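S.K.: Have a look at this one before I ask anything.
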């Protein structure tokens with residue numbers, strides 16, 4: 001482990017926190033993939049004023065392989081792909097099976113409109129748009145004259 005010199009006035013807590021909870025140091029770079037036999041796709045999340053945009057790197061799937069759902073404010077993304085290849089020759093028959101899947105879940109903030117989530121799969125990227133609810137502006141206090 002590489003030791004870095006730190007300024008004594010710096011806060012020690014972030015480094016301690018990072019060291020304790022950095023799973024890669026304890027389990028290795030791909031520990032989750034080795035343990036569960038699957039890899040999780042990389043995901044980018046971007047927030048704008050109007051929505052949240054999620055992009056999953058999931059090459060090799062078809063749009064029908066994905067199941068996207070919302071259950072009690074939790075966004076669930078699942079993909080499952082099973083393939084069978086069969087090659088027959090005069091001397092041999094060869095069959096190969098492959099199975100690939102992943103599942104990711106995200107707790108949605110209460111400020112989103114789960115009814116209008118949009119999902120598209122293009123060129124190996126699953127793109128989700130999660131719109132925010134339109135905030136209604138409250139009017140300032142106003143006195144109404146009774147006549």
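The values are calculated or read from the model by the stated rules, or taken from the named source; none is laboratory data. Everything quoted here is computed from the prediction, not taken from an experiment. Counting neighbours? That spans all protein chains shown, and the Cβs are built from the backbone with ideal geometry, glycine included.
S.K.: Where the second residue is surrounded by 13 or more Cβ atoms within 10 Å (Cβ to Cβ) and part of a strand (DSSP E or B) and the first is touching a residue at least 24 places away in the same chain (Cβ under 8 Å) and on the phi > 0 side of the Ramachandran plot and lies in the stretch 66-91, which pairs have Cβ atoms under 6 Å and are six or more apart or on separate chains?
M.R.: none
Every residue, every condition in (1) in contact with a strand residue (DSSP E or B) (Cβ under 6 Å, 6 or more places away or on another chain); (2) under 24 Å from residue 113 (Cα atoms); (3) at pLDDT 90 or above, yes or no:
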position: 1; (1), (2), (3): no, no, no
position: 8; (1), (2), (3): no, no, no
position: 55; (1), (2), (3): yes, yes, yes
position: 66; (1), (2), (3): yes, yes, yes
position: 70; (1), (2), (3): no, yes, yes
position: 88; (1), (2), (3): no, no, no
position: 91; (1), (2), (3): no, no, no
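S.K.: OK, next. Identify the single condition in (1) under 24 Å from residue 134 (Cα atoms); (2) loosely packed, with under 10 Cβ neighbours inside 10 Å that residue 64 does not satisfy, given that it satisfies every other one.
M.R.: Checking residue 64 against (1) under 24 Å from residue 134 (Cα atoms); (2) loosely packed, with under 10 Cβ neighbours inside 10 Å, the one that fails is (1).
S.K.: Another one. Could you check the stretch 93-132 and list, in sequence order, the residues that are over 15 Å from the mean Cα position of the chain (by Cα), closer than 15 Å to residue 63 by Cα and at pLDDT 90 or above?
M.R.: 122, 123
S.K.: Among what's in the stretch 93-113 and is out of contact with any strand residue (DSSP E or B) (no Cβ under 6 Å at 6 or more places or on another chain) and not in a strand (DSSP E or B), pick the residue that is surrounded by the most Cβ atoms within 10 Å (Cβ to Cβ).
M.R.: 109
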